[in-house]
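Participant: Sharing a structure, written as structure tokens. Questions coming.
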Amino acid sequence: MKPALLLLLALPPEMPTAGPGPVRITFSPLTKPAYLEAKKSVVVTKPKMTFPLKKQNGQLTILTTKGPKIFKDIVVDEAANKSGIGEAETLIHDYLGYLPAFKCHLLRVNYYETSQYLLISDSGQQLELWGEPIFAPDMQHIIATCMGIEYGGGQPNILQLLALRNGVWKQVWKQEPKHWEPYRVGWTSANTLLLSRMMWTGKSQGTPILIRG
């Protein structure tokens, strides 16, 4: 399968910073020339990170106000195999850093054939993301995507949108498409995302789409 041209996702600038309600997202067509023009505007935003923690003896301990969160690696070596532990039980935690602006730690959890990301706040909140968190230029939103159709159910085929509300990250929108995979994604502004998709309908490449809030 080949990727379709793109999706563009826009969030209303006036989106509230408080309240639990989901964000409304709609889809509209986008031409290839518009995609090529928008591609020039993709902005990569990297929030400041520090690295206060180190893994010790295959274990990472994160202190929160609700108590410590402990993440222990499972390394399946020859000795583990002999004791009946299979490779599918592999579990490795990569500490990616602390985000002081959001008071959150970022981890990547590596399973046997898949991975996911965890945002863990000082207050003990834990959010699971099925893809690398990509921050909007104003750092008020995060998009994470995962391609899951070709994998056959081992990981979700999903787009997740998070918003910072009252200093807390909350998932405010998600989509699990059945006939296409999110292929590439990037923010072009604080409220606009450029997203290409991989079609899985047995047809030719799909129509480029504009997602507008």
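Participant: Just to check your reading of the model, which residue among 159, 164 is at pLDDT 90 or above, out of contact with any His (no Cβ under 9 Å at 6 or more places or on another chain) and open to solvent by less than 40 Å² (accessible area, probe 1.4 Å)? Break it down into steps so the answer makes sense when it comes.
Facilitator: On the way: 164 fails: out of contact with any His (no Cβ under 9 Å at 6 or more places or on another chain).
So the residue among 159, 164 that is at pLDDT 90 or above, out of contact with any His (no Cβ under 9 Å at 6 or more places or on another chain) and open to solvent by less than 40 Å² (accessible area, probe 1.4 Å) is 159.
Participant: So, one more: List, please: which pairs have Cβ atoms under 8 Å, are six or more places apart or on different chains, and start with a residue in segment 157-179 that is in contact (Cβ under 8 Å) with a residue 60 or more places away in the chain and end with one that is small (Gly, Ala, Ser)?
Facilitator: Correct list of pairs: 165/18; 165/19; 166/18; 169/121; 169/163; 170/163; 172/21; 172/163.
Participant: When the residues of segment 56-67 are narrowed to those that are at pLDDT 95 or above and open to solvent by less than 80 Å² (accessible area, probe 1.4 Å), which ends up farthest from the chain's Cα centre (by Cα)?
Facilitator: That would be 67.
Participant: Which of (1) at pLDDT below 70; (2) more than 23 Å from residue 163 (Cα to Cα); (3) not basic (Lys, Arg) is the odd one out, the single condition residue 11 does not satisfy?
Facilitator: Failed condition: (2).
Participant: State all residues of segment 184-203 that are under 19 Å from residue 45 (Cα atoms) and of a type outside the set (Gly, Ala, Ser); if no residue qualifies, say none.
Facilitator: Residues satisfying the conditions are 184, 185, 187, 188, 191, 192, 193, 194, 195.
Participant: Moving on to the next point. Residue check, residue 123 against (1) under 25 Å from residue 149 (Cα atoms); (2) among the small types (Gly, Ala, Ser); (3) modelled with pLDDT of 95 or more; (4) open to solvent by 30 Å² or more (accessible area, probe 1.4 Å), all met but one. Which one?
Facilitator: Here residue 123 meets the rest and fails (1).
Participant: Further, regarding this structure: Six or more apart or on different chains, Cβ atoms under 7 Å: show the pairs whose first residue is in segment 31-44 and among the β-branched types (Val, Ile, Thr) and whose second is part of a loop (DSSP other than H, G, I, E, B).
Facilitator: Matching pairs, first to second residue: 31/208; 43/137.
Participant: Based on what the data block shows, is residue 154 assigned to a loop (DSSP other than H, G, I, E, B), open to solvent by less than 40 Å² (accessible area, probe 1.4 Å) and either at pLDDT below 95 or of a type in the set (S, T, N, Q) (or both)?
Facilitator: Details: assigned to a loop (DSSP other than H, G, I, E, B): yes; open to solvent by less than 40 Å² (accessible area, probe 1.4 Å): no; either at pLDDT below 95 or of a type in the set (S, T, N, Q) (or both): yes.
No; evaluated as a whole, the condition is false for this residue.
Participant: OK, next. Could you check, for segment 19-39, whether at least one of its residues is hydroxyl-bearing (Ser, Thr, Tyr), open to solvent by less than 60 Å² (accessible area, probe 1.4 Å), under 23 Å from residue 164 (Cβ atoms) and at pLDDT 95 or above? Steps first, please.
Facilitator: Restricting attention to segment 19-39, the residues satisfying the condition of being hydroxyl-bearing (Ser, Thr, Tyr) are 26, 28, 31, 35.
Those left that are additionally open to solvent by less than 60 Å² (accessible area, probe 1.4 Å): 26, 28, 35.
Narrowing further to those that are under 23 Å from residue 164 (Cβ atoms): 26.
Filter once more, so that each one left must be at pLDDT 95 or above: none.
There is no residue in segment 19-39 that is hydroxyl-bearing (Ser, Thr, Tyr), open to solvent by less than 60 Å² (accessible area, probe 1.4 Å), under 23 Å from residue 164 (Cβ atoms) and at pLDDT 95 or above.
Participant: Also, I was wondering about something else. Could you run through segment 113-128 and say how many residues are assigned to a loop (DSSP other than H, G, I, E, B) and more than 23 Å from residue 183 (Cβ to Cβ)?
Facilitator: Within segment 113-128, residues that are assigned to a loop (DSSP other than H, G, I, E, B) and more than 23 Å from residue 183 (Cβ to Cβ) number 4.
Participant: Restrict the check to segment 129-137 and report whether at least one residue is part of a loop (DSSP other than H, G, I, E, B), more than 18 Å from residue 197 (Cα to Cα) and open to solvent by 40 Å² or more (accessible area, probe 1.4 Å).
Facilitator: The answer is yes, given that some residue of segment 129-137 is part of a loop (DSSP other than H, G, I, E, B), more than 18 Å from residue 197 (Cα to Cα) and open to solvent by 40 Å² or more (accessible area, probe 1.4 Å).
Participant: So, in segment 129-159, exactly how many residues are of a type outside the set (Val, Ile, Thr) and within 19 Å of residue 47 (Cα to Cα)? Before you say what the answer is, go through the steps one by one.
Facilitator: We begin by selecting, within segment 129-159, every residue of a type outside the set (Val, Ile, Thr); these are 129-133, 135-141, 144, 146-148, 150-157, 159.
Subsequent filtering for residues that are within 19 Å of residue 47 (Cα to Cα) retains 129, 131-133, 135-141, 144.
Within segment 129-159, residues that are of a type outside the set (Val, Ile, Thr) and within 19 Å of residue 47 (Cα to Cα) number 12.
The values are calculated or read from the model by the stated rules, or taken from the named source; none is laboratory data. Computed from a predicted model, the values in this text were never measured in an experiment. Because the Cβ atoms are built from the backbone with ideal geometry, glycine has one as well, and the counts that use them run over all protein chains shown. Protein only, heavy atoms only, side chains kept; ligands, DNA and RNA dropped before computing areas. Shrake-Rupley method; radii C 1.70, N 1.55, O 1.52, S 1.80 Å.
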